[in-house]
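Bear in mind that the values in this text are calculations on the coordinates, not laboratory data. Please read all numbers here as calculations on a predicted model, not as lab measurements. Cβ coordinates were reconstructed from backbone atoms using ideal geometry, including for glycine residues, and neighbour counts include every protein chain displayed.
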Amino acid sequence: MYEQIQHPLLPQATHDERARQHFVHALKEHLATTVSPGNRVVYEKRAKPRFVRETQRAPQNHHEVRRVMKDEPYYQIWSALQRISQEMMWDAVASSVERQLPDLVARAKQNKGELGSLTLNPDLPIPPYHTAVDIHCQPGGYHSETCPDDVAAGAIYDRAVHIYVMGRMGPLNDDLGQSLIAYLKTAYPDLQPRTILDLGCAVGHSTLPYVDAYPDAEVYAIDVAAPMLRYAHARAQALGKRVHFSQQNAERTTFADASFDLIVSHILLHETSASALRNIMRECYRLLVPGGMMFHVEVPQYGGLDPYDAFMLDWDTYNNNEPFWGALHEMDLVALASEAGFAPTRVVQTMIPSALKVARSRTGLFQGGDFAGRGQWFVFGAAK
Amino acid sequence: MPRKAKGQRPTFFTDPQVEKVLAMTMALAGEVSVLRERLDTVERLAEAKGLFSRQDIEAYRPSARVAEERERWRKEYIARILRVVHEELEAIERGETAASYDAVVRAVSSS
Ligand SMILES: C[S@@+](CC[C@H](N)C(=O)[O-])C[C@H]1O[C@@H](n2cnc3c(N)ncnc32)[C@H](O)[C@@H]1O
């Protein structure tokens, strides 16, 4: 079992809390590696032949696969256990954070040092795609606050992500940032950004690697959720990384035109909405200097995937409170970027390998928690 | 702090009651695992330090204060196992339905 680095902001777990979290981690790993692969067998041996008998053809897309799979008892019990493991994860982490919340708030305040900055805007409206349902079932979502200077949502997220991905995003959960950087260093060796913006930074897992990778750059990171940003800022301070965090909506920020050489996001896009996504693209275009580049790390698009793989990857849309996940992954991204002003010829869509060794222990399956499987990420980018 | 994620919970079985029983069983499995780990720690430490034996455990009788603490602990324990039942009530109170979730999928996909 991979362990997370106990940095000064990470909630401390009692013996039982740790054991409870270990159990969820082990349960998720068991479901992902031992139970989930059986769904493919059920599909090939039972569901698909049933579909073929009824319609004289094979299922053509993930919607058709879902229609036949949802009646399969094996798929039903795996789904039920998968959902339960998600709920147990939040419960096991939130109860631990709640117990020590005053201490965590105090620790965040002690880490308000001089490195970087934190700018909050209590008047910023929380977008409707965050208040409609609690994304990936985190009770209260990213934004809810239960006390002054609350950091609970951030603390819960930091610990829960490690359990959710079964430790396979590294001891600092920074796989996404590390992997995009590794790709940029190879594909764009001359890229020397002086200003970098990370959109939807959450607690800064992916943000911090940019500080070391581009030491001459000023790194900015925005999010709509105050508890994430307070925690992110204190965590960055504690880890000695200089980042300017501010509470802003990526659809429309307060930065001046042409402020950034490089704009990145990591698994942000699937947690927005169709109109928000168009706004974010336009905002990226506005914020980039001519020749500047944006890159967004995501799980792969469904187009080109085997319908069964797309169906498994789509599970989260309906069963893990990720309502925009499916729609995003069926979208024409070249059209999306060009609507915002980017030249279609300057749009990049590619799979990149994970930079981390632990990622190799992922299953080869397309499923939440393992994401793209086989330690790969999808990158969508464009140059202005 | 809120304990139930906002959004109607999907159901996978024809009989939704089965779902709840499974959630309870898994919560229980989790707690058994927590307990097993703690007991293992205790027994190993005791053994390493030559502190007490199995006979001592059998002969132990809790004081009134200890008994009270244990009762409190049991209450929390049971609430954790029956979480899914409490959450269903929360969902009913909030008026969440499968249709209300689908409406969100449609809304964020098209607006
Ligand atoms: C899955 S988390 C991102 C994880 C993070 N980028 C990382 O790699 O660790 C999504 C984050 O995006 C934020 N978010 C969602 N929509 C946003 C928007 N329109 N503007 C800014 N932040 C947003 C959420 O509050 C949440 O913290």
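Structural remarks
- Restriction of the trypsin sites (Lys or Arg not before Pro) in region A:50-115 to DSSP coil positions whose beta-carbon has at most 11 other beta-carbons within 10 angstrom yields A:Arg57.
- Expected 222 nm ellipticity per residue - DSSP helices of 4 or more, -39500 (n - 2.57), all of chain B, to 500: -25000 deg cm²/dmol
- Overall form of chain A per C-alpha gyration tensor (a/c, 1.5; a/b vs b/c): oblate
- Compared with the alpha-carbon gap, the fully stretched path from A:Gln56 to A:Met351 is longer by 102.8 nm at 0.36 nm per residue.
- Near A:Gln376, the amide H atoms lying under 5 Å from its own belong to A:Ser354; only residues 5 or more places off or on other chains count, and H is placed 1.01 Å from N.
- For A:Lys241, a cut-off of 14 angstrom between C-alpha atoms picks up these aspartates and glutamates, skipping any fewer than 8 places away in its own chain: A:Glu114, A:Asp174, A:Asp212, A:Asp216, A:Glu218.
- Karplus (6.51, -1.76, 1.60) ³J(HN,Hα), θ = phi - 60°, over region B:44-57, in Hz, Gly and Pro reported as x: 5, 5, 4, 4, 4, 9, x, 7, 8, 10, 5, 4, 4, 5
- FRET efficiency estimate (nearest 0.05) - Cβ-Cβ, B:Leu35 to A:Ser275, R0 45 angstrom: 0.35
- Farthest positive-ward along chain A dipole, Cα basis, beta-carbon charges - from A:Tyr142, A:Val42, A:Gly304: A:Val42
- Per-residue [θ]222 nm for chain A (sum of -39500 (n - 2.57) over DSSP H runs n ≥ 4, rounded to 500): -12500 deg cm²/dmol
- Applying both filters, DSSP loop and at most 13 other Cβ atoms within 10 Å, to the GluC sites (Glu not before Pro) of region A:1-107 gives A:Glu3.
- Of all DSSP beta bridges in chain A, antiparallel share, percent nearest 5: 40
- Placing unit charges on the Cβ atoms of the charged side chains and taking the dipole of the protein assembly as shown about its Cα centre, the candidate lying farthest along the positive direction among A:Asn320, B:Ala46, B:Pro62 is B:Ala46.
- Residues whose amide H falls under 5 Å from that of A:Ser265, counting only those 5 or more places apart or on a different chain, are A:Leu199, A:Phe295, A:His296, A:Val297, with hydrogens built in the peptide plane.
- For region A:186-293, the relative contact order comes to 30 percent (Cα pairs under 8 Å, sequence separation of at least 6).
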